[in-house]
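See structure below.
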Amino acid sequence: MELVGSPLTATYAHPKSTPTKFLPAISTMASSYKNRFPYYPLPQSFSLPWLPSTYYKTASINPTLAPISKSSPGLTPSKMLPFVSNRTTLFTRYTPDDWYRSNLTNYKESETSRHNSERLRVDTSRMIQDKYQQTKKTQVESTKNLGERVNNIEFWRSELCHELDEMIGETNALTDMKKRLERALAETEAPLQVAQECLLHREKRMGIDLVHDDVEKQLFTEVDVIRSCQERMQRYLDKAKAQLASNRAAQHEVERDLANKQAAHRIDDKCHHLRNTSDGISYYRGVERVDATISVPESWAKFTDDNILRSQSERAASAKLRDDIENLLVVTANEMWRQFNSVNVAFTNRIAETADAKNKIQTHLAKTLQEIFQIEMNIEAIRKAIRDSGPPLKVAQTRLDERTRRPHVELCRDPAQLRLVNEVHEIDETIQSLQQRLRDAEDTLQMLVRAKSVLEHDLAVKANSLFIDQEKCMGMRKTFPTTARLLGYV
């Protein structure tokens, strides 16, 4: 009996184990598992011919044979059936009952197989439809989740882009402010050098003009003010450099997060647009068991939110620092200008005082010179008067000397004698008083000459001080930086 065709038998009706040699060794699949087979083990081989187990069961059925009676009539042990090789006539192997029973058995088994096959087909169709719907629903949900993820990434990417633009603008603004501060700090060197040179020049004053006047006090104050402004500027310059470093660090984190978001957006957007008919899809065996995630949606959103908050905090600190630097530049410029004007006012007053003192000294010197001339004329008059008193004294003394030669009683103390004696005394007193007056006049002349020398020296001192204050110091102080330079704009 030969069967034509090979009907499919349900696996649950006739379970059959999967052949042990279905797949090659693992070592042979290491480099070729992709794009070949899915990970899940398949119920039966796709590479072998389809051959159900029913064929083997049908072919191996042994029909039931009627027992051969040992007491067959007409047959003796010596007349039993000979061996096939020794038979010379046809011999029937089965009985009709055996034939009918075999047919019934085949009919029943065929009917059972068909029933099982039909039920299997129905169950398989239903399972295929259910699995298709389930797979389609799962894929729709996955696509929806990927779309939501793409939208979330797009939202945070836009936030990061906006924050990055704001941070770049703030960093550029702070950099410009730092440059202004550096220029303003450099501009303070010239006024400081001018003030110090003014102090050095004023050390060249002479004599009594080396006085710790208001100009010197204001110059020392100006040096202290400029140095104080420089210290504050340098301190804020260091703060600006540190803040720029913090801004760049926050900007770097935002840029790196933005680059990661863009890469993730590109990947998830590609995954979101993948369909069953898309190119480039293939099997990746075991990929579902690889868990390379390091964050959850909460920590993922918090990471980006923390980066944005840090950037916003640094931007706020940078904006506040810029405002502080702007206020500092205004305050320092006003302080230096105010002190500069105070020094200039002090210089103007001191120059006026020195010029007035110089004019007064010149007046006194002129009067002294006039008085010296007068006293010299007076001395000459006294000397002439002393010389003019000599002849009358000689006459009077000669008369007295001649009268001493009168004889005897003629040596009379007469009024003429008394008058001559008084005349001599008077002339001598006159000469003594004139000589004393001459000495007094000569002492006065010496005092006037000394006063003249003092006035001339003081006049030279005042002229030197006036030259230092008016020509050198005030000449240098005409080049004080403008407010725009002190604010760092130029």
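Just so it is clear, none of the values below were taken in a lab; they were calculated from the coordinates. Computed from a prediction, not measured in an experiment: that's the story for all the values here. We place every Cβ from the backbone using ideal geometry, glycine too, and count neighbours over all the protein chains shown.
Among the listed pairs LYS239/LYS302; LYS204/LYS478; LYS217/LYS360, which are separated by more than 23 Å between their Cα atoms?
Over 23 Å Cα-Cα: LYS239/LYS302; LYS217/LYS360.
Averaging sequence separations of C-alpha pairs under 8 Å and six or more residues apart, then dividing by the length of the stretch 357-487, give the relative contact order as a whole percent.
This gives 45 percent for the stretch 357-487.
Let me know the volume per residue of the alpha-carbon convex hull for the stretch 357-487, in Å³.
92
Give the aspartates and glutamates whose C-alpha is closer than 19 Å to that of LYS394, dropping any in the same chain fewer than 8 places away, or say none.
Candidates past the 8-residue exclusion: GLU402, GLU423, GLU426, ASP428, GLU429.
Taking the Cα centroid of the stretch 268-331 and of the stretch 423-490, what is the distance between the two, rounded to the nearest whole Å?
Using only Cα atoms, the two centres lie 85 Å from each other.
Per residue of the stretch 112-119, what does 6.51 cos²θ - 1.76 cosθ + 1.60 with θ = phi - 60° give for ³J(HN,Hα)? Whole Hz please, x for Gly and Pro, Karplus curve as stated.
Each residue of the stretch 112-119 in turn: 4, 5, 5, 4, 5, 5, 4, 4 Hz.
If you average 1/r over all unlike Cα pairs in the stretch 267-415 and invert the result, what Kirkwood radius do you get in angstrom?
Hydrodynamic radius (Kirkwood, Cα pairs) of the stretch 267-415 is 29.9 Å.
Along Cα→Cβ, 7 Å out, is where each label goes; now give me the distance between the ones at ASP176 and ARG387 in nm to one decimal.
Result: 9.4 nm between the two label points.
In Å and on Cα atoms, what radius of gyration and Dmax does the stretch 171-265 show?
Looking at the stretch 171-265, its Cα Rg and Dmax stand at 23.3, 86 Å.
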